[in-house]
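Asker: Can you read through this structure? Questions will come right after.
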Amino acid sequence: MQSAVTVLGLGPMGRCLARAFLDAGLSVTVWNRTPGRDRELVERGAFGAASADGAVAASPLTVICVVNYDASDAVLRTEPVTRALKGRTLVNLSADTPGRARDTGDWAERHGIRYLDGAIMTPTTTIGTPASVYIHSGPEDLYAEHRAVLEALGGTHTHLGEDVGRAAAYDIALLDVFWTAMAGYAHAVAIARAEGISARELAPFAQGIATILPPLFEEMAAEFDDGGFSGEGNPLTSGLSTMTHVVHASQEHGIDAGVMRAIEATARRTVELGHGTDGYIRVAEVLGRRA
């Protein structure tokens, strides 16, 4: 296994990545646009580079993790850094859209940079532990070459395919699940409080609802991929009625029901298109239709 890696970007996640590499015994070079953030890492044995291109030149593999691709472009697409990256491998663990990932892949290819895209699917506290989850996409042979170093970060690593935008596509889809669920929970807490129920009182029951979801995800995935859309036992018309209840209860307490109104409107449109006896996952098919 190669013994050196560079980390660009020392925000909360970048610092955790660098620590994990250090803990695994690798030679780690770090750089951050804002000076001073490398102090703790340098004290632990990392090399603090004075410039981004100097950091890149120190290792065959560079990992960048910043807030988005605007931020990573500002670092990578400067002449000194682009030149230093030529012939080396860049792994971008910043978060952005699949289109931005593919654009960066095209840029890397034009400049002779070996490129892998990826995403971190778990919080900073999991980095370096078995609980962390990473997804990667890009050339499979390149991933295989650097897999041992990446696995020094701990947890599970999955290569999702040669399409460099595929990891970002998974990331966006899974963030969609996460944030809509978080929005639903926040709205539920608001309604519960208006009815005199504390968040702590609601939480165990909310957790019970959450345990229903994993088998439903699997069942609905099969229905969607197979085109079955069975609504036996819970047709969309029944679900639509309960969505309306949530909207009405929100209105009674003056609580913003914008999120549920959007969900209700999409379900109603699906029913109006003649799919009222189908299961809820039919909504995904309707959402994906091009006008």
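Read the figures in this text as sums done on the coordinates, not as results from a lab. Note that the coordinates shown come from a computational prediction; the quantities given were computed from them, not determined experimentally. In this analysis, Cβ positions are derived from the backbone assuming ideal geometry, glycine residues included, and neighbour counts consider all displayed protein chains.
Asker: Hey, could you check region 41-70 for residues that are assigned to a helix (DSSP H, G or I) and among the β-branched types (V, I, T) and say which is farthest from the chain's Cα centre (by Cα)? First the steps, then the outcome.
Answerer: Quick first cut of region 41-70, residues assigned to a helix (DSSP H, G or I) only: 41-43, 52-57, 69-70.
Next cut, among the β-branched types (V, I, T) only: 42, 56.
Details: V42: 29, V56: 25 Å.
Step by step, filter region 41-70, then rank; the result is V42.
Asker: Now for a different question. Give me the pairs, please: first residue somewhere in region 212-239 and touching a residue at least 12 places away in the same chain (Cβ under 8 Å), second residue anywhere and polar (S, T, N, Q) and part of a loop (DSSP other than H, G, I, E, B), beta-carbon distance under 6 Å, and either six or more positions apart or on two chains.
Answerer: Sorted first by the residue in region 212-239, then by its partner, the pairs are G231/T277; P235/T277.
Asker: Looking at region 96-124 only, could you name the residues that are free of Cβ contacts under 8 Å to residues at least 40 places away in the same chain and surrounded by fewer than 20 Cβ atoms within 10 Å (Cβ to Cβ)? Walk me through it before giving the result.
Answerer: At the first step, the residues of region 96-124 found to be free of Cβ contacts under 8 Å to residues at least 40 places away in the same chain are 103, 106-114, 122-123.
Residues satisfying the conditions are D103, D106, W107, E109, R110, H111, G112, T122, P123.
Asker: Report, by residue number, each residue of region 231-246 that is surrounded by 17 or more Cβ atoms within 10 Å (Cβ to Cβ) and outside any loop (DSSP other than H, G, I, E, B). Can you show your working first?
Answerer: Of region 231-246, the ones surrounded by 17 or more Cβ atoms within 10 Å (Cβ to Cβ) are 231, 235-236, 239-240, 243, 246.
Those that are surrounded by 17 or more Cβ atoms within 10 Å (Cβ to Cβ) and outside any loop (DSSP other than H, G, I, E, B): L236, G239, L240, M243, V246.
Asker: If you scan region 51-92, which residues turn out to be touching a Gly at 6+ places or on another chain (Cβ under 9 Å), closer than 25 Å to S3 by Cβ and of a type in the set (V, I, T)?
Answerer: Result: V63, I64, V66, V75, V91.
Asker: Only one of R193, R200 is assigned to a helix (DSSP H, G or I) and under 20 Å from H248 (Cα atoms); which? Step through it out loud before you land on a result.
Answerer: On the way: R200 fails: under 20 Å from H248 (Cα atoms).
Matching residue, one of R193, R200: R193.
Asker: Does at least one position in region 95-115 carry a residue that is in a helix (DSSP H, G or I), small (G, A, S) and over 26 Å from D53 (Cβ atoms)?
Answerer: yes
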